[in-house]
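*Asks:* The structure that follows is given in the form of structure tokens.
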Amino acid sequence: MDYEAVIGLEVHIQLLTESKIFCGCSASFGAAPNTHVCPVCLGMPGVLPVLNRKAVEFALRMGLAVGGQVNPRAIFARKNYFYPDLPKGYQISQYEEPLILGGQVEIEVEGRIKPIRLVRIHLEEDAGKSVHAEDYVGANETLVDANRCGIPLIEVVSEPDLASPREAALYLSRLRQLVQYLRISSGNMEEGSLRCDANVSVRPAGSVRLGVKTELKNMNSIRGVERALAFEIRRQIAILQQGGRIEPETLLWDEKRGVAEPMRAKETAPDYRYFPEPDLVPLQIDSAWIEEIRAGLPELPLARKRRLVEQYALPEYDAEILTETRELADYFEAAAQATPHVKKLSNWVMGEVLRVLNERNLALEQFPVAPENLAKLVNLVEEGEISASAAKRVFDEMVQSGEPPEAIVRRRGLRQISDARELEEVVDRVLQAHPGEVQRFRQGKDKLLTFFVGQVMQATGGKANPRLVNELLREKLGGSKG
Ligand SMILES: [Zn+2]
């Protein structure tokens, strides 16, 4: 029997606010443990949370970008559980009335758009971090870092619309790209800014009934999510094929060993006892504010990709790469203002620019070559002013110095000789110096043309325009051929 997978994802995304969601503590990553804390985020008795307006704005930005509905009356809830990294003993989240209802994220599967429906997007605070695996922690000890307590998160919950680990990976990449375009999160999985849990079940192919699902946790890369899902789907199918039953349990992914194993029982009990948070009033979002946020949304990745294809007649492949990040698309479009040779420009951006960024681990805003200078370089090549190999040298110098290309071309004497009269003299000299080769060429030894081109190049120090040299040689050699 063939089986198919049914996958839903719950993605936690850390919002890039300056302060935490219910207090004024810094929300930045990487500080010394327990330095970004106060009585509110430490959960001292008698303190009151104050909601961060920016966190709500960022969550709304996401909700509107995916076409969700803003809930007219969202409420916060306490999610009660006891855990060492949660000093309050409860987490402020949203349960029955989340901020955003519905919406969808589009992924491209084999060239076709597939919408992945969303159930909800809600706001919540993060818990702290238990520290075990450091050399300053003893064998049977757990230390707690509360810096992360109260960092604002949104949780994006999808319908089980994903049919394969590959689709799950595409969906996660799209979400990450979206939050980066919206500038509401770094989307960095290694730093924990984007965390994902997955619900997985399998069923006979074509069946409409859902199978028993398991929950997968602890994946910390998109590749890890893909591997974990593939593992779990194989495991479930093997059990069913042997006539067994799937247990509804929570599994932890072990990236090193490539296996998912059940969590210990004491960590699983899902009895959270939600109740409305008494210290925060219901959220009623002003419709003028919603429209203001909607109007401020940037062009989203898929729309931008389609526009690049249409406006610049670029291949899909190019547009996909150029819109990978908002910064790269901005860079490309700024350069495209200054050159008519847009496809050549695209080649330079996808090739040389990305190569240098990767090699030097640079962000685009640190890249020394201004977009208009890259466009000028493309123009110099396309107008025959410099050769393709000289252009590579000029580009490398631009990366070093940030100078405009003309200055480098002038200083290094790299301008091509494109003056026909000047080149004609050189061609004549070369032909006169090699009468034997000329004769053999005229007798049919066509391959000698490259020899003559080489001689002209040598005589001009590599600066002759090769297209023009070829034309002149053919003219002079072919003229008396027959
Ligand atoms: Zn605080």
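*Asks:* In the set Pro33, Pro39, which member is open to solvent by 40 Å² or more (accessible area, probe 1.4 Å) and over 24 Å from His132 (Cβ atoms)? Let's see the steps before the verdict.
*Replies:* Values: Pro33 fails: over 24 Å from His132 (Cβ atoms).
Exactly one residue qualifies, and that residue is Pro39.
*Asks:* Separate question: Output the number of residues of segment 161-212 satisfying the condition of being among the small types (Gly, Ala, Ser), within 21 Å of Gly67 (Cα to Cα) and open to solvent by 20 Å² or more (accessible area, probe 1.4 Å).
*Replies:* 1
*Asks:* Okay, next question. So which residues in segment 1-35 are at pLDDT 95 or above, more than 30 Å from Pro165 (Cα to Cα) and not small (Gly, Ala, Ser)?
*Replies:* Matches in segment 1-35: Thr17, Glu18, Lys20, Ile21, Phe22, Cys23, Cys25, Asn34, Thr35.
*Asks:* If you don't mind, there's one more thing I want to ask. Tell me whether segment 386-397 contains one or more residues that are of a type in the set (S, T, N, Q), open to solvent by less than 30 Å² (accessible area, probe 1.4 Å) and modelled with pLDDT under 95. Give the steps one after another, and end with the answer.
*Replies:* Looking only at segment 386-397, we keep the residues that are of a type in the set (S, T, N, Q), and these are 387, 389.
Going one step further and asking which of them are open to solvent by less than 30 Å² (accessible area, probe 1.4 Å), we end up with 387.
With modelled with pLDDT under 95 added as a condition, the list becomes 387.
Within segment 386-397, one or more residues are of a type in the set (S, T, N, Q), open to solvent by less than 30 Å² (accessible area, probe 1.4 Å) and modelled with pLDDT under 95.
*Asks:* Shifting gears a bit: Would you tally the residues in segment 406-432 being open to solvent by 70 Å² or more (accessible area, probe 1.4 Å) and of a type outside the set (Asp, Glu)?
*Replies:* First, the residues of segment 406-432 that are open to solvent by 70 Å² or more (accessible area, probe 1.4 Å): 410-412, 415, 419, 421-422, 425, 429, 432.
With of a type outside the set (Asp, Glu) added as a condition, the list becomes 410-412, 415, 421, 429, 432.
Matching residues across segment 406-432 total 7.
*Asks:* Let me ask something else about it. Among the residues that make up segment 348-364, is at least one of them open to solvent by 60 Å² or more (accessible area, probe 1.4 Å) and either in contact (Cβ under 8 Å) with a residue 24 or more places away in the chain or within 21 Å of Ala303 (Cβ to Cβ) (or both)? Break it down stepwise before answering.
*Replies:* In the first step, residues of segment 348-364 are kept if they are open to solvent by 60 Å² or more (accessible area, probe 1.4 Å); the result is 355, 358-361.
Add one more test, that the residue is either in contact (Cβ under 8 Å) with a residue 24 or more places away in the chain or within 21 Å of Ala303 (Cβ to Cβ) (or both), and what stays is none.
Within segment 348-364 (the criterion being open to solvent by 60 Å² or more (accessible area, probe 1.4 Å) and either in contact (Cβ under 8 Å) with a residue 24 or more places away in the chain or within 21 Å of Ala303 (Cβ to Cβ) (or both)), the answer is no, since none of the residues qualifies.
*Asks:* Return the residue satisfying two criteria in turn: it lies in segment 79-92 and is touching a residue at least 60 places away in the same chain (Cβ under 8 Å) and either assigned to a strand (DSSP E or B) or open to solvent by less than 30 Å² (accessible area, probe 1.4 Å) (or both), and of such residues it is farthest from Glu18 (Cα to Cα).
*Replies:* Taking the candidates together, the pick is Asn80.
*Asks:* Restrict the check to segment 55-78 and report whether at least one residue is in a loop (DSSP other than H, G, I, E, B) and within 16 Å of the ligand (Cβ to nearest atom). Write out each step before concluding.
*Replies:* Filtering segment 55-78 for residues in a loop (DSSP other than H, G, I, E, B) gives 66-68, 71-73, 75-76.
Among the residues that remain, those that are also within 16 Å of the ligand (Cβ to nearest atom) are: none.
No.
*Asks:* What's the total number of residues in segment 128-160 that are in a loop (DSSP other than H, G, I, E, B) and open to solvent by 10 Å² or more (accessible area, probe 1.4 Å)? Walk me through how you get there before you give the answer.
*Replies:* Keep residues of segment 128-160 that are in a loop (DSSP other than H, G, I, E, B), which gives 128, 132-142, 149-151, 159-160.
Applying the additional criterion that residues be open to solvent by 10 Å² or more (accessible area, probe 1.4 Å) yields 132-142, 159-160.
Of the residues in that region, 13 qualify.
*Asks:* Does Ile237 count as surrounded by 15 or more Cβ atoms within 10 Å (Cβ to Cβ), modelled with pLDDT of 95 or more, among the β-branched types (Val, Ile, Thr) and not in a strand (DSSP E or B)? Spell out the reasoning first.
*Replies:* Numbers: surrounded by 15 or more Cβ atoms within 10 Å (Cβ to Cβ): yes; modelled with pLDDT of 95 or more: yes; among the β-branched types (Val, Ile, Thr): yes; not in a strand (DSSP E or B): yes.
For Ile237, the condition - surrounded by 15 or more Cβ atoms within 10 Å (Cβ to Cβ), modelled with pLDDT of 95 or more, among the β-branched types (Val, Ile, Thr) and not in a strand (DSSP E or B) - is met.
*Asks:* Where residues in segment 41-54 are within 10 Å of the ligand (Cβ to nearest atom) and in a helix (DSSP H, G or I), which of them is nearest to Ile116 (Cα to Cα)?
*Replies:* Cys41
*Asks:* Does any residue in segment 432-458 that is acidic (Asp, Glu) come within less than 6 Å, Cβ to Cβ, of a residue that is assigned to a helix (DSSP H, G or I) six or more places away or on a different chain, and which pairs are these?
*Replies:* Glu437/Leu448
*Asks:* Another question about this same structure. Got a number for residues in segment 1-40 being under 30 Å from Asn199 (Cβ atoms) and either within 14 Å of the ligand (Cβ to nearest atom) or touching a strand residue (DSSP E or B) at 6+ places or on another chain (Cβ under 8 Å) (or both)? Give the derivation first.
*Replies:* First pass over segment 1-40, keeping only residues under 30 Å from Asn199 (Cβ atoms): 1-17, 20-22, 27, 29.
With either within 14 Å of the ligand (Cβ to nearest atom) or touching a strand residue (DSSP E or B) at 6+ places or on another chain (Cβ under 8 Å) (or both) added as a condition, the list becomes 1-15, 17, 20-22, 27.
Of the residues in that region, 20 qualify.
*Asks:* With the structure loaded, tell me whether Glu125 is within 16 Å of the ligand (Cβ to nearest atom), touching a strand residue (DSSP E or B) at 6+ places or on another chain (Cβ under 8 Å) and modelled with pLDDT of 95 or more or whether it fails that test.
*Replies:* Numbers: within 16 Å of the ligand (Cβ to nearest atom): yes; touching a strand residue (DSSP E or B) at 6+ places or on another chain (Cβ under 8 Å): yes; modelled with pLDDT of 95 or more: yes.
Yes, satisfied.
*Asks:* For segment 104-120, state whether one or more residues are more than 30 Å from Arg235 (Cα to Cα), surrounded by 21 or more Cβ atoms within 10 Å (Cβ to Cβ) and in contact with a strand residue (DSSP E or B) (Cβ under 8 Å, 6 or more places away or on another chain).
*Replies:* So far as segment 104-120 goes, no, none of its residues is more than 30 Å from Arg235 (Cα to Cα), surrounded by 21 or more Cβ atoms within 10 Å (Cβ to Cβ) and in contact with a strand residue (DSSP E or B) (Cβ under 8 Å, 6 or more places away or on another chain).
*Asks:* Only helices (runs of 4 or more DSSP H) wholly contained in segment 255-365 count here; list those with 1 or more residues that are over 30 Å from Val225 (Cα atoms) and of a type in the set (Val, Ile, Thr). Before you say what the answer is, go through the steps one by one.
*Replies:* Details: elements: 287-295, 301-312, 316-322, 326-336, 342-348, 354-360.
Counting at least 1 such residues, we get 287-295, 301-312, 342-348.
*Asks:* Additional query: So how many residues does segment 9-21 have that are out of contact with any Asp or Glu (no Cβ under 6 Å at 6 or more places or on another chain) and open to solvent by less than 10 Å² (accessible area, probe 1.4 Å)? Walk me through how you get there before you give the answer.
*Replies:* Of all residues in segment 9-21, those out of contact with any Asp or Glu (no Cβ under 6 Å at 6 or more places or on another chain) come to 9, 11, 13-20.
Cutting the leftovers down to open to solvent by less than 10 Å² (accessible area, probe 1.4 Å) gives us 9, 11, 13, 15, 20.
Residues in segment 9-21 being out of contact with any Asp or Glu (no Cβ under 6 Å at 6 or more places or on another chain) and open to solvent by less than 10 Å² (accessible area, probe 1.4 Å): 5 in total.
The values are calculated or read from the model by the stated rules, or taken from the named source; none is laboratory data. Note that the structure is predicted; figures quoted are calculated from it, not measured. Methodologically, a virtual Cβ is constructed for each residue, glycine included, from the backbone with ideal geometry; neighbour enumeration extends over all protein chains shown. Protein only, heavy atoms only, side chains kept; ligands, DNA and RNA dropped before computing areas. Shrake-Rupley method; radii C 1.70, N 1.55, O 1.52, S 1.80 Å.
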